[in-house]
Amino acid sequence: MVNFRLTLESARDFARFTQENVGRKVAVRVDRKTLTEVVIREPILGGGFGQLTVSNAEEGRNLATRLSDGSAVLEMEPIGN
């Protein structure tokens, strides 16, 4: 599992995104690979802290490093209605 915290600007964007997509299913992707799909139950306004589940410790370390240095792209996209 990889824990992360968004920058202030990203946290604002994330808050707006979750407000606009309450009740919708969202794909969470890193580098265009879908890691999970979740339903947004309520707006997430408190800084955008989150967790990503990974297969093993090495994958977790690599992902954490890439997210920290900005070489990985984290995206969320509504799917379905």
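The values are calculated or read from the model by the stated rules, or taken from the named source; none is laboratory data. Just so you know, these numbers come straight off a predicted model, no measurement behind them. All Cβ positions, even for glycine, are placed from backbone atoms using ideal geometry, and neighbour counts span all protein chains on display. For accessibility, only protein heavy atoms count, side chains too; no ligands or nucleic acids. Shrake-Rupley method; radii C 1.70, N 1.55, O 1.52, S 1.80 Å.
Within the stretch 24-75, the set of residues being without any contact (Cβ under 8 Å) to a residue 24 or more places away in the chain, in contact with a strand residue (DSSP E or B) (Cβ under 7 Å, 6 or more places away or on another chain) and not hydroxyl-bearing (Ser, Thr, Tyr) comprises 35, 38, 39, 40. Taking the numbered list (1) among the polar types (S, T, N, Q); (2) open to solvent by 40 Å² or more (accessible area, probe 1.4 Å); (3) touching a residue at least 24 places away in the same chain (Cβ under 8 Å) in turn, residue 18 passes all entries but (2). The C-beta contact set for the stretch 1-14 (first residue within 15 Å of residue 52 (Cα to Cα), second residue at pLDDT below 85 and exposed (fewer than 14 other Cβ atoms within 10 Å of the Cβ), distance under 6 angstrom, 6+ apart or interchain) comprises 1/51; 1/53; 3/51; 5/49.
One residue is enough: does the stretch 56-70 have a residue meeting the conditions open to solvent by less than 70 Å² (accessible area, probe 1.4 Å) and not in a helix (DSSP H, G or I)? Yes: one or more hits.
In the set 18, 36, only one residue is of a type in the set (Ser, Thr, Tyr) and part of a helix (DSSP H, G or I); that residue is 18.
Taken over the stretch 35-50, the criterion of being closer than 21 Å to residue 20 by Cα, open to solvent by 50 Å² or more (accessible area, probe 1.4 Å) and of a type outside the set (Phe, Trp, Tyr) is satisfied by 36, 37, 38, 39, 41, 42, 43, 44, 45, 46. Selection over the stretch 50-73 of residues that are at pLDDT 85 or above and closer than 23 Å to residue 24 by Cα gives a count of 1. Among the residues making up the stretch 9-23, those that are more than 10 Å from residue 77 (Cα to Cα), of a type outside the set (A, V, I, L, M) and in contact with a Pro (Cβ under 7 Å, 6 or more places away or on another chain) are 18, 19.
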